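Rule-based calculations on the coordinates, nothing more; no lab input. Since we're looking at a predicted model, the values are computed, not measured. FYI the Cβ positions are ideal-geometry reconstructions off the backbone, even for glycines, and counts take in every protein chain you see.
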Amino acid sequence: METQGIVSIDTNVLVRFLVKDGGATEQCRFAKQLFERHAVFIPESVFLETEWVLRAVYSVPRGEIHSAFTKLLNLARVLLPDRLVLNQVLTYFEYGFDFADALHLVRSEDHEMKSFDAAFINKARKSGRLASSPSD
């Protein structure tokens, strides 16, 4: 099937593509068709919100979320702002970081990350990143 151009999607479209929601069968079908017919641009913020929806609303285990996002990143017609950044985020997510914390840490580049979350600081330091409390 020939691609019909690039579209950008919102969280609800990505969720419908990933979750075969019985109550939204038609939306799931349209989401699937969108991925079949177009190159699909997915902003980082959509991944961030989708992770929350999958975890909090659908109770999807983090391993399944990681697997689904990894598969998405490997689809040829999925376009991303920065594939390397999202791969790094998924690596941190796989090692126990919250998805949002992983994204914040990767996007902080080489700057020290300040946080009041002691567990986050410890994980960041163990992964070789600069992190400390604002009181330090």
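Key figures
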read-out	value
FRET efficiency, 1/(1 + (r/R0)^6) with R0 22 Å, evaluated for Arg107 and Asp136 via beta carbons	0.55
Rounded to whole Hz, the Karplus (6.51, -1.76, 1.60) HN-Hα couplings of the stretch 96-101, x for glycine and proline	x, 6, 4, 4, 4, 4
Net charge, Arg125 excluded, C-beta distance under 14 Å - Lys, Arg +1, Asp, Glu -1	0
Cα long-axis angle, helix 83-94 against the chain (0 to 90 degrees, to the nearest 10)	70 degrees
Spatially proximal lysines relative to Lys126 (Cα-Cα < 19 Å; intrachain offsets below 8 disregarded)	Lys114
Extension gain (nm, one decimal) between Gln4 and Leu84, 0.36 nm per residue minus Cα-Cα	26.2 nm
Reported label for calculated volume of the Cα convex hull per residue in Å³ given [x] 180; [y] 107; [z] 135	[y]
Fewest-first sequence of Thr50, Thr70 by Cβ atoms within 10 Å of each Cβ	Thr70, Thr50
Point-charge dipole on Cβ atoms (K/R +1, D/E -1) for the stretch 1-81, about Cα centre, debye to 20	200 debye
Förster radius 41 Å - calculated FRET efficiency between Arg125 and Val57 (Cβ-Cβ, nearest 0.05)	0.80
Approximate spin-label separation Thr91-Thr70, in nm, with each point projected 7 Å along Cα-to-Cβ	1.4 nm
Straight-distance crosslink candidates among lysines, where the alpha carbon sits under 20 Å from Lys71 and sequence neighbours closer than 8 are dropped	Lys20, Lys32
Separation between Cα centres of the stretch 76-136 and the stretch 17-74, rounded to whole Å	22 Å
Summed residue charge, Cβ within 14 Å of Tyr58's Cβ, Lys/Arg positive, Asp/Glu negative	0
The chain: calculated mean residue ellipticity at 222 nm from DSSP helix runs of at least 4, using -39500 (n - 2.57)	-15500 deg cm²/dmol
